[in-house]
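I have placed the structure first, in the form of structure tokens, so that the comments after it can refer back to it.
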Amino acid sequence: MADRTVLITGTSTGIGRATAAELAARGFRVLAGVRREEDAEAVRALDPARIEPLMLDVTDFDAIASLPDRVDGDLAGVVNNAGMALPGPLEYLPLEDVRRQLDVMLVAPFALTKAFIPALRRSRGRLVIIGSIGGRMAGPFISPYNAAKFGVEGLADSLRRELTPSGIEVSLVEPGSVKTEIWEKGIRAGNELFDSLPEEGRRLYGDRIRATEKVATDAVRRGVKPEKVARAVLHALTADRPRTRYLVGIDARVQATLAAVLPDRMLDRTMSRLTGVR
């Protein structure tokens, strides 16, 4: 794999960082997308010989369009990973926060994939999209996150049927709870929004927001390590027959099963009982 290159977005922490380390250890050359210089140095230190930080704002679509000209060598794959979560009741969630999440997690994968299709076709490289079980089962107070993850489900399915005849395999990785900073940051952002709610907002949503926060905190504590997700990405990039979907974590499998077999109203009641968010 020494001459094969993989581009990964969002490598400053969590799944992206673990994936950069895993692929470098397996001999890939990794272009690791980050937004800050300090993150660039931290990810480079994981493997200075094989990891090359790439300063990249995934919402700068002009910069994304020019990226293929900066990538030399044999392109083994592109991993769309960058993500964020700014929770809150939609009634009080600033629309700029909604738009930012959709740009980072939904529009950016469209833009990055579009830019690299010719290069992936030439190299018969692979496309991996980091989705979420939140793309099959939506929870309260994270509607922009869920909307983006449901969106990349459709993106992955469509592109698989669109690009497989060109020799480009497309895989979607759907983790459940993962021990990453995205949820810790999200909980902090949720607390800030809660503190800013007017009295009516707290009356309408306060108890349920606090219950949801506890569920999220417990889920992160029980979540899988990001290295487990990284191993799924590795399989998607290297297997002779990569899977179309990779469910990662027991909770992801349970939720996927519930979402597939239960009618909506029964699913709503079941999740309310399981989580205590009523």
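The values are calculated or read from the model by the stated rules, or taken from the named source; none is laboratory data. If you're wondering where the values come from, they're calculated on a predicted model, not measured in any experiment. No Cβ is skipped: glycine too gets one built from the backbone with ideal geometry, and neighbour counts run over all protein chains shown.
For the range 233-244, the tally of residues that are farther than 17 Å from PRO175 by Cα and outside any helix (DSSP H, G or I) stands at 3.
Taking the conditions (1) modelled with pLDDT under 90; (2) under 23 Å from ALA21 (Cα atoms); (3) crowded, with 19+ Cβ neighbours inside 10 Å in turn, GLY176 satisfies each one other than (1).
Scanning the range 205-223 for any residue that is at negative phi, modelled with pLDDT under 95 and touching a strand residue (DSSP E or B) at 6+ places or on another chain (Cβ under 7 Å) turns up at least one such residue. As a summary of the residue check, ILE129 satisfies the conditions (1) over 18 Å from the mean Cα position of the chain (by Cα); (2) in contact (Cβ under 8 Å) with a residue 24 or more places away in the chain; (3) over 30 Å from TYR205 (Cα atoms) except for the one numbered (1). You will find that of GLU22, GLU41, the residue that is modelled with pLDDT of 95 or more, among the acidic types (Asp, Glu) and in contact with a Pro (Cβ under 9 Å, 6 or more places away or on another chain) is GLU41 and no other. Residues that are touching an Asp or Glu at 6+ places or on another chain (Cβ under 9 Å) and crowded, with 17+ Cβ neighbours inside 10 Å within the range 188-218 comprise GLY190, LEU193, PHE194, GLY201, TYR205, listed in sequence order. Taken over the range 49-68, the criterion of being charged (D, E, K, R), farther than 18 Å from ASN81 by Cα and surrounded by fewer than 17 Cβ atoms within 10 Å (Cβ to Cβ) is satisfied by ASP62 alone.
Only residues that are aliphatic (A, V, I, L, M) and assigned to a loop (DSSP other than H, G, I, E, B) were counted in the range 254-278, giving 2.
For the range 109-121, check the following and say yes or no: at least one residue is farther than 22 Å from ASP57 by Cα and crowded, with 21+ Cβ neighbours inside 10 Å. Among the residues of the range 109-121, not one is farther than 22 Å from ASP57 by Cα and crowded, with 21+ Cβ neighbours inside 10 Å, which makes the answer no. PHE141 satisfies every condition listed in (1) surrounded by fewer than 16 Cβ atoms within 10 Å (Cβ to Cβ); (2) closer than 20 Å to THR275 by Cβ; (3) of a type outside the set (Lys, Arg); (4) in contact (Cβ under 8 Å) with a residue 24 or more places away in the chain except (1). Residue check: is ALA236 small (Gly, Ala, Ser), on the phi < 0 side of the Ramachandran plot and surrounded by 14 or more Cβ atoms within 10 Å (Cβ to Cβ)? Yes. Filtered by the rule that a residue be assigned to a loop (DSSP other than H, G, I, E, B) and closer than 19 Å to ALA230 by Cβ, the range 59-83 gives ASN81, ALA82, GLY83. Starting from residues that are touching a helix residue (DSSP H, G or I) at 6+ places or on another chain (Cβ under 7 Å) and not in a loop (DSSP other than H, G, I, E, B), keep the ones in the range 22-48 and report whichever is surrounded by the fewest Cβ atoms within 10 Å (Cβ to Cβ). It comes out as GLU22. Quick check on THR244: is it modelled with pLDDT of 90 or more, surrounded by fewer than 17 Cβ atoms within 10 Å (Cβ to Cβ), under 24 Å from GLY83 (Cβ atoms) and hydroxyl-bearing (Ser, Thr, Tyr)? Yes. VAL233 falls short on exactly one of the conditions (1) of a type in the set (Val, Ile, Thr); (2) farther than 30 Å from ALA24 by Cβ; (3) modelled with pLDDT of 85 or more, and that condition is (2). Screening LEU247 with (1) hydrophobic (A, V, I, L, M, F, W, C); (2) closer than 27 Å to PHE110 by Cα; (3) in a helix (DSSP H, G or I); (4) touching a Pro at 6+ places or on another chain (Cβ under 9 Å) gives one miss only, at (3).
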